[in-house]
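**Student:** This is the structure, below, for whatever I ask next.
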């Protein structure tokens, strides 16, 4: 008879004949052949009754709590006598030892897996930390490798395009090309200035523009490689005995500035913007002069000179213009001069507007609907794309400019001409000549 008692972690398979332990002529304390055989097979197979075909029952037998074993085996002893007690208890003890060994093996395997998991986790953490600590060095090595590749490409470009004027080693050729492999040159000019000279060339010299956008043979990335090659000389560049070139600021002013500002800074008829003026020099410091020369004022037609002039040359020009301050005349430009200086570029010489900014000032409707206070505010604070002029002009100059514009009102035309109307309302979409535009390609 197979019996299952209770539930728990430690279990014991039980097989007893119906009615418990049999008494008879068999040896005292020995179970019946059926019981003994069943127990022997169960003991031999760890309590697995698959030999009887009772697999599922055997699985249930394994879940009998070990604490119930003695109760189960002592109950027939109390009822039937102690004849089989010694043998049954021995079988129970053997089964308990086997079950405890299995549990110990399971716990041992689990502990080994936990230790292995922690070891692998620790190894991964160490690997990531070492990789992270080595990352800056790896990036630096990769950057240096890229730089050396650029230097190698630049060497080929230099031999093809530059060596004929500046020498094979950058030593320069008298009356042809200045030395490039010079500590003084490389400390004076940064990569941006060298690249700009290659890109745009040097006006009034043999140095022409080499950028493809300027009609030259080099792409932008090739110019960068060429700059990297020249910069690579800096570490070993000799301190050449040749003297530092003397900068003549008067020649620079005559070459770059006199065409617009006059030979002596008095201004010209085309651009009445005198620099040799006490009022201008008093309200414009050296930093502003440097910025104006380097960055220009493209919105007013003044180009930038940072790509053509070195920092030393720009500083020399600033000092040259500043020297006028002591003797500069007290100029009080009239409204016509102020308008030509600050307004005509966008609004036209006579307030008729221009194609890029078709805002007509010399128009009866505009002047009759905008009073002087409005004009002062717009001039001082700016409006939309119009810059503020309060930092450039004094209040008196703004007042004279407003008076000059207001004087047009009496003779201003009643209606705008068709050309001005077209430029203001139509040209943006249909093109200045009605040829259409990329945004609205409707040809008129």
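**Student:** Between residue 426 and residue 165, what is the label-point separation in nm under the 7 Å Cα-to-beta-carbon projection?
**Tutor:** 4.9
**Student:** Right, here's the next one. Over the residues of region 286-371, compute the C-alpha Rg and express it relative to 2.2 N^0.38 Å.
**Tutor:** 1.46
**Student:** Rounded, prolate or oblate: pick one for region 249-322, where a ≥ b ≥ c are the square roots of the eigenvalues of its C-alpha gyration tensor, a/c under 1.5 means rounded, and failing that, prolate if a/b is larger than b/c, else oblate.
**Tutor:** Details: a/c = 1.30, a/b = 1.18, b/c = 1.10.
In terms of gyration-tensor shape, rounded.
**Student:** What distance in nm separates the simple spin-label points at residue 354 and residue 183, each placed 7 Å from Cα in the Cβ direction?
**Tutor:** 4.9
**Student:** Also: Compute the Cα gyration tensor for region 133-259, then decide on rounded, prolate or oblate, letting a ≥ b ≥ c be the square roots of its eigenvalues: rounded whenever a/c is under 1.5, prolate when a/b is larger than b/c in the other cases, and oblate in all that remain.
**Tutor:** Cα axes put region 133-259 in the prolate bin.
**Student:** Enter the per residue convex hull volume of region 338-413, computed from alpha-carbon coordinates, in Å³ rounded to the nearest integer.
**Tutor:** 84
**Student:** Give me the number: length gained by fully extending residue 386 to residue 268, i.e. 0.36 nm times residue separation minus the C-alpha to C-alpha distance, one decimal in nm. Provide the component values of the computation, followed by the final result.
**Tutor:** Values: separation 118, 0.36 × 118 = 42.48 nm, distance 2.39 nm.
Residue separation times 0.36 nm, minus the Cα-Cα distance, leaves 40.1 nm.
**Student:** Then there's this: Volume per residue, Å³, of the convex hull around the alpha-carbon atoms of region 162-236?
**Tutor:** On the way: hull volume 6.6 nm³, N = 75.
Measuring per residue, one finds 88 Å³ for the Cα hull of region 162-236.
**Student:** Restricting things to Cα coordinates, could you compute the convex hull volume per residue of region 102-156 in Å³? Mind dumping the intermediate values first?
**Tutor:** Details: hull volume 3.0 nm³, N = 55.
Enclosed volume per residue, from the Cα hull, is 54 Å³.
Read the figures in this text as sums done on the coordinates, not as results from a lab. No experiment lies behind these values; they were computed from the predicted model shown. All Cβ positions, glycine included, derive from the backbone under ideal geometry; neighbour counts span all protein chains shown.
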